[in-house]
Amino acid sequence: MRRRIGARLTLALLALLLAGCASLGTAQRNAAAEIAAAARSSTVDCTRADACALDSPLLAMAREERAASTPTAPRHRALILDDGPDALLARVHLIRSARRSIELQTYIFDEDDAAQLVLDELQAAAFRGVKVRVLVDQLSALRKVETLAALSSLHANFEIRLYNPVLDRSRLSAPMYAVAALCCLRRLNRRMHNKLLVIDDDIGIIGGRNYQDDYYDWGEDFNFRDRDLLIAGPVVADMQANFNAFWNAQRSIPAERVGDVARYLRAHGPPPAPHHPYRRPERVRALLADVADPDIIRMRFVDPSMEVRGVRFIADLPGKHRRTPEDAVAASADEAVGAAGNSLLTLIDGAQHEILLQTPYLVMSKPAQQVFRALQQRPNPPQVLVSTNSLASTDAFIAYALSYKYKRRYLRDFGFQIHEFKPFPADSPFELGATGAGLLTETDEIEADPGPTPGRSTRLERRLAARGLSTEPGSEAGRPSPFASSGGLPVRLKRAGLRLGLHAKSLVVDERVGVVGTHNFDPRGDTLNTEGALVIEDPAFATALAASIRRDMAPDNAWTIARRDKSPILPGAEYTLARLSERMPIFDLWPIKYATSYDYIVGPGCPPTVQPPAPFADDFRRCNQPVGDFPEVDLGLKWLGVRLFTAFGSGLAPIL
């Protein structure tokens, strides 16, 4: 009986594998492409030379900077976009203001309210005469094949391509992920993590945000604390050139030529233009009311922008994903593998006094570890302050498990001062307004319930359940990809509430150089994902960026990681055993770790402060009390998962 069951499972898996590897022929793809091309409208709703673009003080500023620039004296203006709704408002306003072209590149494009709003605006831009190009990584592209079929058939001014489709599909079901992992792991792992928006070659946005509610404070139960950079000036041309390199890469496939989209077009023809009813139309209306208001745009984006110097764009090229060593030899020298990561490590290596590093996933690549170890061996090493997620705030508990495993190394060998973001920060740039998350209504309390009692759900949990929601966030990609950066396995907390998780990727060196981009400073970013970032060597900008990162590390918003108190019995033996266990590639089973979490407690001699406490200070424990390894976490099966991945998962570090 067991043999029969095993044989059937083997046959089923083989059938699935063969189905996954089935591919359309060239003639079939050409037929689908012809169907899409024939259906595309060529009608343009506007006859004006400016494509009926919205009059924008923001784009006017960008054009002034470009006009005033010379090759030897470029002029740039930059603005840090910390606020989620403002980051969405800026995008929609710029899309409406475009006169000639829009280039959008992203890792994730969902079909929820925020993504649908942007998609609606892109379609409208195409119909008024603007050339629109959208490039999305296949692993986290739009949810429905029908949506891609509709967009590929929409308008002559609208083009959409998928980067690196695996198994000739735009969408992969969970079983197909397993098939892809078996047959095509190398290809499956190579993802385009770049995110940028370029308007008319004049102004651009780069940073951590994808196109999904969670990135704009519109998530119902979880939102990302993220950061973008709005930039105007000649460097935007470099951003567009990098987009063009990806757009023209072999791995970028027009949506209508990807197998499942082509099959849909041949079987059903082009579907209508995609639009799903907004789940929360009131917040969309509230945001759109601000889009065309020049005073609001000037106040939020133009007036606070900074004139900056020393601006450069660093980014990987698609050549990073070359298939064979022979391809590498034939490729251009400009396509250096890991160009973005190497540039960031060079900046870090040049630090003299202080490094501020913000990353959602504190998993260091080997080259990064070598750089930080060398820094710490200097006679006067720079301070290294790290802002990252706690287990309670992360959407990636597997990545956190690897970070947890190496806390001793980070603190003792690299000198890191680690501040882990709280899931319910007291002071964070998060908006609960008309255009914000809107989870709590006017009749709801702002404060979450203190927590459930046995057998009874909290009031907030009941409200969420009535809306078909839960108190646990989804993954970064909102879908079950084991290779998305999150993994989608958040932990349950002791209390319900609107949770925040850190997703910003930023670096400040000596308050002289500031970096905002997509690189998580992790092994994936170095070797598997393509990444991009803006580097600004301007002290005023670096100081402003540093203030934003320090805010996330403040005691109200983060726990500090420090060495736990020594055991009164054989402390040296305990430390040695923990270190030996950590060095094991597997079987890291020693239960007592080197470090734990501390919370700053206000009291006599411990006044309220916004300065992150230094864990190496002699008086650190005077105002900081240990709160356990995983504060706020309901220690259940996912905690066991953290311990298991700590013990057995170090081999996964290069792909996390």
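General observations
- Taking other Cβ atoms within 10 Å as a rough exposure proxy, Asp112, Asp201 sort from fewest to most as Asp201, Asp112.
- Vicinal HN-Hα couplings computed from phi for the range 261-274 (Karplus, 6.51 cos²θ - 1.76 cosθ + 1.60; Hz; Gly/Pro x): 5, 4, 4, 4, 4, 6, 7, 10, x, x, x, x, 4, x
- Residue-by-residue Karplus 3J(HN,Hα) for the range 379-391, coefficients 6.51, -1.76, 1.60, Hz, glycine and proline x: x, 10, x, x, 5, 10, 9, 10, 9, 8, 7, 8, 4
- Residue exposure proxy: Ser170, Ser343, Ser403, Ser42, ordered by other Cβ atoms within 10 angstrom of their Cβ from fewest to most, comes out as Ser42, Ser343, Ser170, Ser403.
- Spin-label model distance (nm) - Arg40 vs Asp303, 7 Å beyond Cα toward Cβ: 4.3
- Centre-to-centre, using Cα atoms only, the range 241-264 and the range 153-193 are separated by 10 Å.
- Lysines with Cα under 20 Å of Lys405, excluding same-chain neighbours fewer than 8 positions away: Lys366, Lys422, Lys566, Lys593, Lys638
- Computed across the range 53-159, the Kirkwood radius stands at 15.4 Å (inverse of mean 1/r, all Cα pairs).
- Residues in the range 132-141 carry Karplus couplings, in order, of 10, 10, 10, 10, 10, 5, 4, 5, 10, 6 Hz; the curve used is 6.51 cos²θ - 1.76 cosθ + 1.60 with θ = phi - 60°, and Gly or Pro positions show x.
- Linear extension gain, Ala67 paired with Arg322, 0.36 nm per residue minus alpha-carbon span: 88.0 nm
- Amide H contacts of Leu493: Asp634, each under 5 Å away and 5 or more positions distant or on a separate chain (H built 1.01 Å from N in the peptide plane; Pro and chain starts excluded).
- Considering every alpha-carbon pair of the range 57-308, the percent of pairs per 5 Å bin, from zero through the bin containing the longest distance, is 1, 6, 13, 17, 19, 17, 12, 8, 4, 2, 1, 0.
- Exposure proxy for Trp247, Trp559: other Cβ atoms within 10 Å of each Cβ, ordered fewest to most, give Trp247, Trp559.
The numbers here are math on the coordinates, done by the rules we state, and not lab data. All values reported here derive from a predicted model rather than from experimental measurement. Don't worry about glycine lacking a Cβ; one is built from the backbone with ideal geometry, like all the others, and counts go over all protein chains shown.
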